[in-house]
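For reference, the structure is listed below as structure tokens.
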Amino acid sequence: MVLVCTQSFGINAFGGGPRILRALLTQPPEPVLSVCMGEKPPPPTTLVKELHIPHRPSFGRLEATRFRLYLDQWFTNFKRQQSLLEQVCRDYKANALHAIAHGADFWVSYQVAKALKLPFYITVHDRLEYTHAGSPALALMVERLGEVWRNAEARMVISEEMGEGLEALYGKRPWTVVTDGLEGISPLRERPKNSFRIYFAGAIHLSYAATFTALAEALVIVRQQQPEIPVSLTIRGSAVPDSFQHLPVRALPWAPEQEIERDMEQADLLYLPLPFEPKYEMFWRYSLSTKLVTYLGSGLPILYHGPAEAAAGRLLARHQAAVLATSLDPKKVARCLLAAGECAPQVVENAQQLARSRFLLAEQRKRFWTTVATGR
């Protein structure tokens with residue numbers, strides 16, 4: 001088999017999608033060709049061979065503005081992209097196509113699979129209603145994903161909530177949860193009960209502003225009530241939020257995962273924030289962060305700070321695998337923090353059990369390749 005994997009990003013790009021793909025395609029049992037379908041050229045990779053077939057030219061800084069939606073509308077050439085992808089599949093003697101529904105290019109891959117009579121597999125990490133909110137093409141993309149969902153050889157999703165949500169929207173079809181995985185699980189890291197050195201690695205989106213503000217105000221309350229307790233925030237990969245200007249905080253640049261592991265030696269709690277606003281519901285209700293997977297195997301307690309109904313919140317609550325702060329009320333968040341010391345060892349043990357049962361890398365790879373090989 002030669003599997004052609006198409007997606008709107010490169011394998012070595014930043015973000016959860018590329019990270020999952022890297023995990024699944026490391027030492028693949030069958031030959032793999034990756035095709036980046038987005039406008040930006042993919043970063044170099046030696047993991048598998050990767051080609052670039054963009055749907056339109058890249059316009060530099062404009063890509064990070066609201067004009068991006070219009071650039072897609074004005075300059076996209078899907079017919080050319082489809083023709084090039086079809087030729088690539090012929091040249092490389094592809095036996096199957098897999099696409100991640102992160103951009104409109106999943107439809108191009110599906111059309112190529114139909115034209116060449118190849119099995120087609122779809123993976124969904126995020127709802128299109130979230131990733132393409134405001135796009136003039138959103139309704140058409142949602143409709144097309146429905147057709148792909150119903151007719152694909154097999155479907156893979158990032159969470160049970162995602163599978164159930166798409167099934168309710170598009171019809172009952174078998175689906176499999178496939179996400180990031182852990183090669184190993186760290187033992188419990190001994191930490192003082194009353195110490196709140198909080199660690200966060202990743203990009204702080206604008207949608208997190210209210211969540212970080214509530215955390216900052218909660219830490220002020222903790223300092224007022226118990227000034228002897230160490231309180232700080234370390235951020236790896238983002239700027240300091242405005243709400244933390246008067247608290248002990250340091251911001252570190254992006255770093256490889258090995259350095260993040262070393263950062264954790266100086267942490268007491270790993271922070272997992274999500275937005276609370278209803279306008280982000282399509283994100284938090286269905287998606288599951290790869291950061292969560294890393295945190296589960298860290299040997300440190302997780303401080304989950306987001307809606308109780310979120311996919312991450314529901315998973316952690318079911319397994320009692322985190323300290324749960326499900327409110328923007330700083331007083332309630334402060335109470336969660338002050339209770340964290342007593343429950344931390346049990347929370348870590350529960351997180352480790354969850355990681356072993358659901359998020360080992362060998363199992364995730366097995367699910368992916370079994371699905372591709374058997375169609376189920």
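The values are calculated or read from the model by the stated rules, or taken from the named source; none is laboratory data. Just so we're clear, the structure is a prediction, and the values are computed from it rather than from any experiment. Heads up, the Cβs are rebuilt from the backbone with ideal geometry, glycines too, and the neighbour counts pull from every protein chain shown. Quick note on the areas: whole protein, heavy atoms, side chains included, nothing else; ligands and nucleic acids left out. Shrake-Rupley method; radii C 1.70, N 1.55, O 1.52, S 1.80 Å.
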Which of the residues belonging to the stretch 199-234 are among the hydroxyl-bearing types (Ser, Thr, Tyr), closer than 18 Å to Pro275 by Cα and not in a helix (DSSP H, G or I)?
-> Tyr199
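Examine the stretch 274-296 for a residue that is in a strand (DSSP E or B), touching a residue at least 60 places away in the same chain (Cβ under 8 Å) and either touching a strand residue (DSSP E or B) at 6+ places or on another chain (Cβ under 8 Å) or not aromatic (Phe, Trp, Tyr) (or both), and state whether such a residue exists.
no
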Are there any helices (runs of 4 or more DSSP H) wholly within the stretch 308-376 with 1 or more residues that are modelled with pLDDT of 95 or more, open to solvent by less than 10 Å² (accessible area, probe 1.4 Å) and more than 19 Å from Leu296 (Cα to Cα), and if so which?
-> 330-358, 361-374
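Which of the helices (runs of 4 or more DSSP H) found entirely inside the stretch 99-198 contain at least 3 residues meeting this: modelled with pLDDT of 95 or more? Explain how you work it out, then say what you get.
Numbers: elements: 105-116, 128-131, 138-151, 160-170.
Output list reads 105-116, 138-151, 160-170.
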Name every residue in the stretch 130-160 that is of a type in the set (Asp, Glu) and surrounded by fewer than 17 Cβ atoms within 10 Å (Cβ to Cβ), in order of residue number.
-> Glu143, Glu147, Glu160
Taking the stated definitions as given, is Ala113 open to solvent by less than 20 Å² (accessible area, probe 1.4 Å) and not aromatic (Phe, Trp, Tyr)?
-> yes
